[in-house]
1. Can you give the Rg and Dmax of region A:216-333 based on its C-alpha atoms, in angstrom?
2. As an exercise, identify the trypsin sites (Lys or Arg not before Pro) in region B:1-88 lying in DSSP coil whose Cβ has no more than 10 other Cβ atoms within 10 Å.
3. Take the alpha-carbon positions of region A:388-509, form their convex hull, and give its projected area averaged over all directions (one quarter of the hull surface) in nm².
4. Taking every residue in B:61-68, how many Cβ atoms of other protein chains lie within 10 Å of its Cβ, on average?
5. Across peptide B:82-94, how many C-beta atoms of other chains are within 10 Å of each residue C-beta, on average?
6. To the nearest 20 debye, what is the magnitude of the charge dipole of the protein assembly as shown about its Cα centre, counting +1 on the Cβ of each Lys and Arg and -1 on the Cβ of each Asp and Glu?
7. Run the numbers on chain A and let me know its relative contact order in percent, using alpha-carbon pairs under 8 Å that are six or more apart.
8. Can you find, among A:GLY506, A:PRO330, A:THR242, the residue sitting farthest towards the positive end of the charge dipole of the protein assembly as shown, where Lys and Arg contribute +1 and Asp and Glu -1 at Cβ?
Amino acid sequence: MTDAGQKLIPMVIVFAVLLLFVVAGLLYKARESSEYGVSGRYSGRIGGGAAIASNWMSAASFLGMAGLIYLYGYSALAYVIGWTGGYVLLLVLLAGQLRRFGKYTAPDFIGERFESPAARLISAAISIVITLVYSVAQFKGIGIVFAWLIGINYTNGVILGAAILMGYIVLSGTLGVARSQKLQYFVLIVTFILPLMVLAYRLGYFWVMPQFGYGRAMTDLSREFGTDISAPFAHFGLFHWTALCFTLMLGTAGLPHVLSRFYTVSNVRDARWSVVWGLFFIALIYWSAPAYAVFGRLIEARAGIALPPAAAYAMADNVVLRTALLGGLPQWLVGMLAAGAVSAAFFNVAGLLMTGAASVSYDIYYRLVNPQASEGRRMSLAKGATLVLALLVLLGALNPPGLIAEIAAVAFALAGNTIFPAFLLGIWWSGTTRHGVICGMLAGVLITFAQPLFGSLLPLVNTIFPLTASALCGAPLVILITIAVSRFTPPPSEEIRRFLAEEVHGHLE
Amino acid sequence: MRNESGPYRVNLFRPKSGYMKGEVAIMLAALVGWGVVTFGFQLLLRLTDVPGRGSWLAGFSFFNLPFHFWFTAQMLPLWFIIICVLFNLCIDRLSKRQSRRRDGFND
């Protein structure tokens, strides 16, 4: 980062915002204690949309997206499109039917639909891996922000950030803090857009809607310095762009913690409409993210700082904060930006770890190992699992294997190759059997990790199943495998087919 | 087909009831709108690319941005929202028509 040393004002703001969530959560709980437990209360479609958006927002959206656009320009828009277009798939193919199916987690759905403990176990294990990979990306974001705040190196930053995060989760859990997702979304959007407006104003561009204002900055950048961010497919070609975009879309519609959103909405219609609001709230952030990237490039170019590609890659995830600093924003405003990034990452990780821990304690331990386990025992197992998962994530984040958004993309590829096909076929084809889905999910895991596993043996694999973009060719292959195996194995029980036909698609005349 | 014996069958490509037929038609329309505009535009951008000069789609500006950049970065997310709104309106209408035809509608 540009300057070392402690940043007192931003630090105060970050902790004040975290404290605000605790206080608001306690007030909220006092008011709503009789209504819901952990999952938060929904007040209509807009509230549901805010919940979807705040559940979705992460360090990858807040820091990673601008970093990618800063590096790759137009090519990076595959992430913008993938992470918004996926909600179309989710709404059109799954949302209503999932709500009618009424299962709580992804492994629970797969276990019940395919009446198979083995399928439940595999999908639980996959959910845990998705949690781990996705959380590594978040931890990187947390590490970067804390390293900057305290003025220490990245390694210490990520360790300190992880400790604060775990303390925060334990504190919230002990106090029984309810998640106020509307407040969360409000904080995220304000902390992201307000600094951007001030930045645009200082640079002399249209600041009321910097989403439009950055266009002129882009023109200036290419006219004055010959840097053309908008050049199409400059960094990767059409095939890779499409594969990446498609993979992120399928992953969006297959991420367990995103799918879980639909089980708690009060009815099917509200579930569908809250997706629209959620997508709108998410798009507000993604319409703005390129502005940080463009302003960042412009400020650098004007200051005569030209980073060599390797250094640019190394600092790309810092672009948002760095741009705010170089742009001369007041300390408190940079602090707000940091606070937004920290809360996005914190709440995302908290949700992910909760999903992962539930897979361990409920789907694996309670449903498969010890069905007599008491609630208390399951709770303590879930707490232990959260801690172990967090430690594993920390290990992975000490040496982050790529950019925040790139690491997250691997989690999306895994979800798109395994969970998405299982849900799609499970809901839309009653002939899908447990053997089919098990083979499909295992094939999906192999395909996702084909590049690191077989890439050196078979160079073709690197082209068709690139690590971050394997689902364009992968998911259709998984679907074909699932269908083929299903054709040759005993059909699902009449009971579950009847449930599918009458309850899930229950509009029969 | 052995797998699809018995009275209870669900198959996206062979919708049975009137409601599901309508539902599947709306779904396919939404997916076509989603896929063709998103990936079709990228393909068009690639096909119209003239070496050295770039595509004409990148040659004029719109909302201060080169048109292709504006379309992908700003129009496509908006397009997704539009698809979702239209999809929900159509499904709502279909459900309403269905509920009029049948008592005890409880969606």
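The numbers here are math on the coordinates, done by the rules we state, and not lab data. As the structure is a computational prediction, the values presented were derived from the model and not from experiment. Counting neighbours? That spans all protein chains shown, and the Cβs are built from the backbone with ideal geometry, glycine included.
1. So, for region A:216-333, Rg and Dmax equal 18.9, 56 Å respectively.
2. Sparse-neighbourhood loop trypsin sites (Lys or Arg not before Pro): B:ARG53.
3. Approximately 10.4 nm², given one-decimal rounding.
4. The shielding value for this peptide is 6.
5. 4
6. 1000
7. 30
8. A:GLY506
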